[in-house]
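The values are calculated or read from the model by the stated rules, or taken from the named source; none is laboratory data. Predicted model only: the values in this text are computed from it and were never measured. Counting neighbours? That spans all protein chains shown, and the Cβs are built from the backbone with ideal geometry, glycine included. What goes into the accessible areas is simple: the full protein's heavy atoms, side chains included, and nothing from ligands, DNA or RNA. Shrake-Rupley method; radii C 1.70, N 1.55, O 1.52, S 1.80 Å.
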Amino acid sequence: MKTEVLGNTKLLSGKGLAGLIQQRAREETRALENSGRHPVLAVVVATDDESTHWYVRSIERAAERLGMGCRIVDLGPDATEQVLASVLTDLSTEPSVNGIILQTPLPVGVKADDLVGLIAPEKDIDGANPLSLGRLAVGQPAFAPATARAVVELLDHFQIPVAGQNVAVVGRSAVVGKPLSLLLLEKDATVTICHSKSGPLERYTQRADVVVVAAGRTGLLKGSHISPQTVVIDVGTNVLPDGSLVGDVDEASVTGVAAGLSPVPGGVGSVTTALLLLHTVEAARQQSPTTLLTASISRI
Ligand code: NAP
């Protein structure tokens, strides 16, 4: 593996890993096709936000490249909670659909929390249903949110150990911070979860071997917050007024201090999309046509 080094800091690019995951998803898709099954991801969208549509189209193109189906269900920015609920319920019992994503943002007044519980857990390939988080918490099989798994896969890919290490996770959301902390705990890391009421971050991040920042705050983690040899994974995605994308890490001050840093863009994000598609193929493999038929009959 060829790794770029800036000062003492290795650049932990996600592109190579994303390619490997896509290759695995392509092979598994082919194997399923050979047994007469075609994996299909459904993405439910209800916004006119251009960047969301751009992101959804990028998932669709990636799925097509892997030979998978991708059904974009665009309900428009005025979709009501009832319509969204009915679509999610139908997709959950539709045998030809294997994975479901409810894309945010949603129309004003509609909360994702009130809807994600309608995604059948076996199709919940982005770990959005609270049942998936609960299963992760007790070590039962479930799909983790793709971003949380992307962080763990990236650390693994670059052979950065977490077992017995101190890992500080900055952010405690149900989509990133909490599930990621559970995955790291499962890998025997000692995890500290920081949030907006934690006080000075350096109290936790300076004694961490690995720091993962998922706060959505430009420049939050600076070089003075870490020790030499700390590995930093940047999950944040922030759009600057000039349209460029940056993470939560102040790259200028962290580069040269950290032992490793994942870039934004080109780090966790690229692995996340590849994992969404791999999860869809995994879901398709686990869903026997008989199981789906039984599920659909039991909901009639
Ligand atoms: P979120 O729901 O807004 O949660 C942000 C978390 O960061 C909260 O727990 C918040 O603490 C904490 N936080 C905010 N300011 C802080 C500060 N100054 N010090 C310490 N903690 C602070 O965001 P999210 O959905 O988890 O996403 C986090 C970031 O990851 C965003 O930039 C998002 O765009 C990005 N993201 C990237 C991907 C990807 O694939 N690359 C996927 C999902 C999300 P409180 O709980 O106390 O408010």
Quiz prompt | Rounded FRET efficiency, nearest 0.05, which uses the C-beta distance separating Thr80 from Ala174 and R0 of 22 Å | solution = 0.40
Self-check item: Extension gain from Lys197 to Arg65, taking 0.36 nm per residue of separation minus the Cα-Cα distance
Solution: 43.2 nm
Self-check item: Ranked packing of 123-131, 159-167, 200-208, 90-98, most packed first, by mean Cβ within 10 Å
Solution: 123-131, 90-98, 200-208, 159-167
Self-check item: Degrees between helix 81-93 axis and first principal axis of the chain (Cα, 0 to 90, nearest 10)
Solution: 80
Exercise. For helix 15-34, report the angle its Cα long axis makes with the longest principal axis of the Cα atoms of the chain; keep it between 0 and 90° and round to the nearest 10°.
Key: 20
Quiz item: Which links in Lys123/Lys187; Lys10/Lys123; Lys15/Lys187 stretch past 32 Å when you go from one Cα to the other?
Solution: Lys10/Lys123
Quiz prompt | Cα gyration tensor, the stretch 36-121 - rounded (a/c under 1.5), prolate or oblate | solution = oblate
Quiz item: Any idea which of Leu102, Gln165, Thr89 is furthest toward the positive side of the dipole for the chain, if Lys and Arg beta-carbons carry +1 and Asp and Glu beta-carbons -1?
Solution: Gln165
Exercise. Rank-order 138-146, 37-45 by packing density, defined as the average count of other C-beta atoms within 10 Å over each peptide's residues, highest first.
Key: 37-45, 138-146
Exercise. Could you tell me what percent of the accessible area of the stretch 146-270 is made up of carbon and sulfur, with a 1.4 Å probe and every protein chain present?
Key: 53
Practice problem: Grab the beta carbon distance between Asp114 and Asp49, set R0 = 25 Å, and tell me the FRET efficiency rounded to 0.05. | Solution: 0.80
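To the nearest 20 debye, what is the magnitude of the charge dipole of the stretch 146-270 about its Cα centre, counting +1 on the Cβ of each Lys and Arg and -1 on the Cβ of each Asp and Glu?
400
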Quiz item: To the nearest 20 debye, what is the magnitude of the charge dipole of the chain about its Cα centre, counting +1 on the Cβ of each Lys and Arg and -1 on the Cβ of each Asp and Glu?
Solution: 680
Exercise. Please compute the Cα-Cα pair-distance distribution of the chain with 10 Å bins starting at 0, giving whole percents from short to long.
Key: 6, 27, 34, 23, 9, 1, 0
Quiz item: With each pseudo-label sitting 7 Å past Cα toward Cβ, what's the Asn34-Leu245 distance in nm, one decimal?
Solution: 3.4
Exercise. Collect residues whose amide H, placed 1.01 Å from N in the peptide plane, falls under 5 Å from the amide H of Gly216; neighbours closer than 5 in sequence don't count.
Key: Gly236, Thr237
Quiz item: Quick one: with all protein chains in place, what share of the accessible area of the stretch 36-121 is carbon or sulfur, to the nearest percent (1.4 Å probe)?
Solution: 51
Exercise. Step through the residues of the stretch 144-152 one at a time and calculate ³J(HN,Hα) from phi using the Karplus curve (6.51 cos²θ - 1.76 cosθ + 1.60, θ = phi - 60°), rounding each to whole Hz and writing x for Gly and Pro.
Key: 7, x, 4, 5, 5, 5, 4, 5, 5
